[in-house]
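The values are calculated or read from the model by the stated rules, or taken from the named source; none is laboratory data. Nothing here was measured: the structure is a model prediction, and the numbers come from that model. Heads up, the Cβs are rebuilt from the backbone with ideal geometry, glycines too, and the neighbour counts pull from every protein chain shown. Just so you know, the surface numbers come from the protein's heavy atoms only, side chains and all, with ligands and any DNA or RNA stripped out. Shrake-Rupley method; radii C 1.70, N 1.55, O 1.52, S 1.80 Å.
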Amino acid sequence: MAPVFAPGAHAASGPTKVTIHVPSKSLAIMPYYFGKDKGFFSPELIEPQLVVMSPPTAIVALVAGELDFATTLGAATSAILRGLPLKRVFYVQADPSHALLAQPDIKTVQDLAGKVIAVTALTDAVGMSATVILKANGVDPSRVTLLATQVSDNAYKALTTGKVAATLMAPPYAEELEARGYRRLAEARTYAPLSFIGLVATTDTLKKNPQKAYALIAGLHRTLTYMHNPANRNEVVQYIAGFHKIDPPLAEKAFATQMQSYSKDGTKPRKSVEREIEIYRETLKIAKTFTPDDLEDMSLLKKVQEGAATQSR
């Protein structure tokens, strides 16, 4: 059967503006910026409007219809487990890329007992990762204060001004902090397969306006395919260096770290999602059972993948 969505539908009126929440400008979220600047969404006749706000606020705005989509899968997962009508429809990351960075005098995760750790939100993937890392290293989370800073920039500033002992950061911020002497204590991916960045839509949007979601997924799929091609690596590194105003060697190091986390095709292994659900249920003390199908709707992504496979033949 031929794809049911034809991008030419809005050609006469120009690209459709799509408002999308982003939590920061880290490399985890960079495919949205890179894809937009490279014109990878243009064939779908949409123009992403990227709006920086805190993950919990974004979920409220998404459900209220004030945003078209959100990107933070962690806050969305907490919301889904609490009954809000949301679905994950695309994974930019299959694994987390955040690292736990601490003040130079802190040498181990155990040294964080009794101290303050900055996270974007207590119930998003950053806050959850902090809790999982602490527990895995024998630190009772109740002995640590998690400070919700809303956005990553605030957490970065809290660490560099000495207001907190540690924070979790994605590339290239983690590499920047490490180069400045802050101590890299742990990698989030070592402890839990939590999802940080992807694409989230309301079930109402998927039902009433699937074309918009399909177009955005197609642009993201095109972007990740391009970024995973080794032939384009130097171009992407140069983009990162310019976008973040950092030296190319640091950009290369950050990109190498981030590439370990990017999904190759917008999906995530089912076993990882099942483990993720366990972590959320335990942390949020939710008795009800959930399956990946309760969190995801991959039907539009499958159509995009089928279309891409047909074009490549």
Cα-derived Rg over Rh, computed across region 43-130 with Rh taken as Kirkwood radius
1.06
Let me understand region 94-161 better: what is its radius of gyration from the alpha carbons, and its Dmax, in angstrom?
11.4, 33
Region 73-229 - charge dipole about Cα centre, Lys and Arg +1 at Cβ, Asp and Glu -1, debye rounded to 20:
420 debye
Could you give the angle, 0 to 90 degrees to the nearest 10, between helix 233-244's Cα long axis and the longest principal axis of the Cα atoms of the chain?
60 degrees
Going by alpha carbons, how many degrees (0 to 90, nearest 10) lie between the helix axis of 248-259 and the longest principal axis of the chain?
80 degrees
What's the Cα-based Rg to Rh of region 146-291, Rh via Kirkwood?
1.00
Taking each pair of distinct Cα atoms in region 1-160 once, what is the resulting Kirkwood hydrodynamic radius in Å?
17.7 Å
Cα radius of gyration and Dmax for region 217-312 (Å):
17.4, 48
For region 78-237, what does the equivalent ellipsoid look like in terms of its semi-axes, each the square root of 5 times an eigenvalue of the Cα gyration tensor, given largest first in whole Å?
31, 21, 13
Spatially proximal lysines relative to Lys157 (Cα-Cα < 28 Å; intrachain offsets below 8 disregarded)
Lys25, Lys36, Lys107, Lys115, Lys135, Lys245, Lys253
Lysines within cross-link reach of Lys288: Cα-Cα under 21 Å, excluding same-chain residues under 8 positions apart?
Lys87, Lys271
Subtract the Cα-Cα distance of Leu284 and Thr267 from 0.36 nm times their separation in residues, and report this length gain in nm to one decimal.
3.6 nm
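Can you check what the net charge comes to around Lys268, using other residues whose Cβ is under 9 Å from the Cβ of Lys268 (Lys, Arg +1; Asp, Glu -1)?
Working: positive: Arg88, Arg270; negative: Asp95, Glu276, Glu296.
Taking every other residue near Lys268 into account, the sum is -1.
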Of Ser152, Ser261, Ser195, which has the largest mean-square fluctuation in a 10 Å C-alpha GNM of the chain?
Ser261
Counting only protein heavy atoms and leaving out ligands, DNA and RNA, the solvent-accessible surface of Asp37 at a 1.4 Å probe, in Å² to the nearest 10, equals 110 Å²
Length gained when the stretch Val116-Lys157 is fully extended (0.36 nm per residue, less Cα-Cα span):
13.4 nm
If the elastic network links every pair of Cα atoms under 10 Å, which of Lys36, Lys285, Lys271 fluctuates the most in the Gaussian network model of the chain?
Lys285
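For the chain, what is the mean residue ellipticity at 222 nm derived from helices alone (per DSSP H run of n ≥ 4: -39500 (n - 2.57); sum divided by total residues; nearest 500 deg cm²/dmol)? Walk me through the intermediate numbers first.
On the way: 14 runs with 141 residues, N = 313.
Roughly -13500 deg cm²/dmol at 222 nm, from the helical runs in the chain.
May I ask you to give the average projected area over all directions of the convex hull of the Cα atoms of region 34-92, in nm² rounded to one decimal? List each step's numbers first, then the result.
Values: hull surface 18.2 nm².
So the Cα hull casts an average projection of 4.5 nm².
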Please compute the Kirkwood hydrodynamic radius of region 118-209 from all pairs of different C-alpha atoms, in Å with one decimal.
14.5 Å
Additional length obtainable on full extension of the chain from Ser299 to Thr19, 0.36 nm per residue less Cα span
98.6 nm
Using a 1.4 Å probe on the protein heavy atoms, what percent of the accessible area of the chain belongs to carbon and sulfur?
52 percent
Sorted from largest down, what three extents in whole angstroms do the Cα atoms of region 176-255 have along their principal axes?
50, 32, 21
What's the long-distance tail for the chain, i.e. % of Cα pairs beyond 36 Å?
15 percent
